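These notes concern the structure reproduced below.
The values are calculated or read from the model by the stated rules, or taken from the named source; none is laboratory data. All figures in this text were calculated on a predicted structure; none of them were measured in a lab. Cβ placement follows ideal geometry from the backbone for every residue including glycine, while neighbour counts extend to all protein chains displayed. Only protein heavy atoms, including side chains, enter the accessible area calculation; ligands, DNA and RNA are left aside. Shrake-Rupley method; radii C 1.70, N 1.55, O 1.52, S 1.80 Å.
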Amino acid sequence: MQAAKPVERRDVMAVLSEELKEKIRAEFPKYPNKRAVTLPALHIVQDATRSVSLEAIREIAELLELHPAEVHDTMSFYGYFRDEKHPLGKHRVWVCRSISCMLRGGEDLLADLCEKWNVKPGETTEDGKITLEFGECLGVCEGAPCVLVDEDCHPCMTAQKVDEILKKS
Amino acid sequence: MPKCEPVLLARVGKPDSASLATYQRDGGYEAFKKALKMSPEEIINEVKTSGLRGRGGAGFPTGLKWTFLPKNHAGPIYLAINGDESEPGTFNNRILMEEDPHQILEGIMISCHAIKSNTSYIYLRVEYGKSYRVLKQAIEELYAAGLLGKNILGTGFDLDIYLHRGAAAYICGEETGLIESLEGKRAWPRIKPPFPAIEGLFRKPTIVNNIETMACVTHIINRGADWFKSMGVPPDPNNPRDAGSYGPKLYCLSGHINKPGCYEIPLGVTSRELIEEYGGGVPNGRKVKAVVPGGISMGFMSADELDIPLDFNGPGKAGCLGLGTAAVVVVDDATSMVDVLFNCARFFAHESCGQCTPCREGTAWMQKILWRIRSGQGELRDLDLLTEVAGSMGIIPGTTICGLSDGAGWPVKNAIQKFRPEFEEFIKSGKKVIRHAEELMAAAH
């Protein structure tokens, strides 16, 4: 497959700062080819900009010497990544809905949080602070129901405890 | 009552257990130094002799897998570590990574020496933020101490270990799905052969091993194959395909249980012992209705199958798919199996990668049929339809590329066979039991 030729696009503002590009380039030495940096690059961009826009996909593709369609193909496979129409809020909260948590009230906890924050699963609160999602087994089954808030999973959760964690975050 | 001194969990919960300093104080990296003095063949033989079988789910003999690598290959050879632990009910790898990462890293280093690999990738599920931070720190400590990098301890052995984060997809736990994902693609499992040992990551010979398996390797080199083989269950003489179940195993206990947790026990404990002796029984004085023996893809055991040993051979005797990840989920008698089965079906419909039609369509339709049943609109013939769909998807009937589909069908087959009267009664009642949260989630898709 031929690499995409860099195209001059002066009409679009660059999404990736030089700092983000440097972070992506720093991943290159770990792998024998640049394509393997696709997931790391998508993570770096989404962490910083709360979504991966079409323009960001083009810029990642340019860095990795891929077609934008190849980056988009990978990105769209993983529900984890958000496009620019569905950006993440400041915090991302996942409520586990798999078996161990379901048996201990995980689904009801999700419904409680939906009501409390006035969102449906997958949506972000109006103030942009919280994106609420359901997760498949988050791997903290001994502490069911568990909730992942950004990077950390918390055991034995209630709607009130989730709120307290968010206040401290 | 613990039946053995924990080895894998020995340092879990101790102060600063994740640091290199405490690990070395407790004798850490002595096994690696010992392994560096052994030839790769000697290490492989030791692991083969120990009878170690992969802890990730399939239970393939680890040493044997290593021998499938081509001889005298010019390299590179890769060791990909599967830290994508996503099987519902499973959390033992997370505990090892968060609490005692060096035990895993030492196993990786020993294994790389054994298979002549200079590069290892740990594919870690993105949800494990703490595991990522702890492993990252541990790897940095190793580079700083000269235990990773070039010419380790002056032996001429070079090794790099890299962390690679996934993106919340169960299929990345399938070894070739993991490889595709690591290469930067959608995690569509590959048609085998070629097996990864011949052509894997970046089209080079690759071994994919589980986190707990790596921790076992450390202790096998430390204590010897005989120590490992002194625990567990010998091969079943009635099953020529059983290679025995040796060594300690981390059983995850969750669901309706008083003391959920991760317990280290020699392979072969029964669900009854786990529930009563370790888990403190079922809450509120209730009884066990069903037990998931090793993650939901293994199916269900009923209350009269609790004395079957949970070794690699045991769950099969109860019609389950296998031991899987040894994640035991207890379901009490106040819970509807219709609800439990729907939860399982929804998981697989969500996680099917969509590559093979029988799986993509089968998982989606099983979920829809169970939704219809739970809406009060089910018919008795739906049960046979579900069984038929479940039985025609997977690598066992030969219709899909990977085993996700077998795992999706198994709980359906087991539940309808073992709890059929309950399903029939439910359908006849015409009850609607779909909860608000489920409607919200269904609308989100």
Completion exercise
Once all protein chains are kept in place, B:Met214 shows an accessible area at probe 1.4 Å, nearest 10 Å², of 0 Å²
Exercise for the section: Calculate the dipole size of the range A:91-168 relative to its Cα centre from +1 charges on Lys and Arg beta carbons and -1 charges on Asp and Glu beta carbons; express the result in debye to the nearest 20. Expected result: 100 debye
Problem - Dipole in debye (nearest 20) - chain A, about Cα centre, beta carbon charges: Lys, Arg +1; Asp, Glu -1 - result: 220 debye
Handout entry: Inter-chain Cβ neighbour average for residues B:84-91, partner chain, 10 Å
Key = 6
Problem - All-pairs Cα distance distribution in chain B, expressed in whole percent, bin size 20 Å - result: 25, 57, 17, 1
Exercise for the section: Kindly provide the trypsin sites (Lys or Arg not before Pro) of the range B:180-243 that DSSP labels as loop, not H, G, I, E or B, and whose Cβ sees at most 13 other Cβ atoms within 10 Å. Expected result: B:Arg241
Practice task
Using the Karplus curve 6.51 cos²θ - 1.76 cosθ + 1.60 with θ = phi - 60°, work out ³J(HN,Hα) for each residue of the range B:134-142 in order, rounded to whole Hz, and write x for Gly and Pro.
Solution key: 5, 5, 4, 4, 5, 5, 4, 4, 5
Completion exercise
Of the listed pairs B:Lys34/B:Lys71; A:Lys120/A:Lys167; B:Lys229/B:Lys259; B:Lys65/B:Lys287; A:Lys90/B:Lys204, those with alpha carbons more than 31 Å apart are B:Lys65/B:Lys287; A:Lys90/B:Lys204
Problem - 20 °C / 1.002 mPa s Stokes-Einstein diffusion coefficient of the range B:337-441, Kirkwood radius on C-alpha pairs, µm²/s - result: 158 µm²/s
Completion exercise
The lysines whose Cα lies under 21 Å from the Cα of A:Lys21, excluding any fewer than 8 residues away in the same chain, are A:Lys5, A:Lys30, A:Lys34, B:Lys185
Completion exercise
Note on the range B:20-230: C-alpha Rg/Rh, Kirkwood Rh, two decimals, gives 0.93
Practice task
Report the trypsin sites (Lys or Arg not before Pro) located in the range B:64-103 that are in a DSSP loop and have at most 13 other Cβ atoms inside 10 Å of their Cβ, or state none.
Solution key: B:Lys71
Exercise for the section: Please grab the % of Cα pairs in the protein assembly as shown that end up more than 35 Å from each other. Expected result: 38 percent
Handout entry: Carbon/sulfur fraction of accessible area - chain B, other protein chains in place, 1.4 Å, %
Key = 52 percent
Completion exercise
Per the C-alpha gyration tensor (a ≥ b ≥ c, the square roots of its eigenvalues), the range B:245-332 is rounded if a/c is under 1.5, else prolate if a/b beats b/c, else oblate; here it's oblate
Handout entry: Alpha-carbon Debye profile of the range B:326-390, log10 I(q)/I(0) at 0.13 Å⁻¹
Key = -0.39
Problem - Max mean-square fluctuation residue, GNM over chain B, Cα-Cα springs under 10 Å, options B:Ile191, B:Ile373, B:Ile416 - result: B:Ile191
Practice task
Mind telling me which of B:Ala145, B:Ala345, B:Ala31 comes out most flexible in a GNM of chain B, alpha-carbon contacts under 10 Å?
Solution key: B:Ala145
Problem - Lys, Arg +1 and Asp, Glu -1 on Cβ, resulting dipole of the protein assembly as shown about Cα centre, debye, nearest 20 - result: 640 debye
Practice task
Mind checking B:179-187 for the average number of partner chain beta-carbons within 10 Å of each residue's beta-carbon?
Solution key: 6
Fill in the blank from the handout: With Cα coordinates, the longest principal axis of chain A makes an angle with the long axis of helix A:106-117, in degrees rounded to 10, of 80 degrees
Handout entry: Rg ratio (alpha-carbon, reference 2.2 N^0.38 Å) - the range B:144-239
Key = 1.41
Handout entry: Accessible area of chain B divided out per residue, in Å², using a probe of 1.4 angstrom
Key = 37 Å²
Handout entry: Relative contact order of chain B, defined on C-alpha pairs under 8 angstrom at six or more residues apart (%)
Key = 15 percent
Problem - Protein heavy-atom accessible area occluded, B/A pair - total, 1.4 Å probe, Å² - result: 4400 Å²
Problem - Global size of chain A as Cα Rg and Dmax, reported in angstrom - result: 18.4, 55
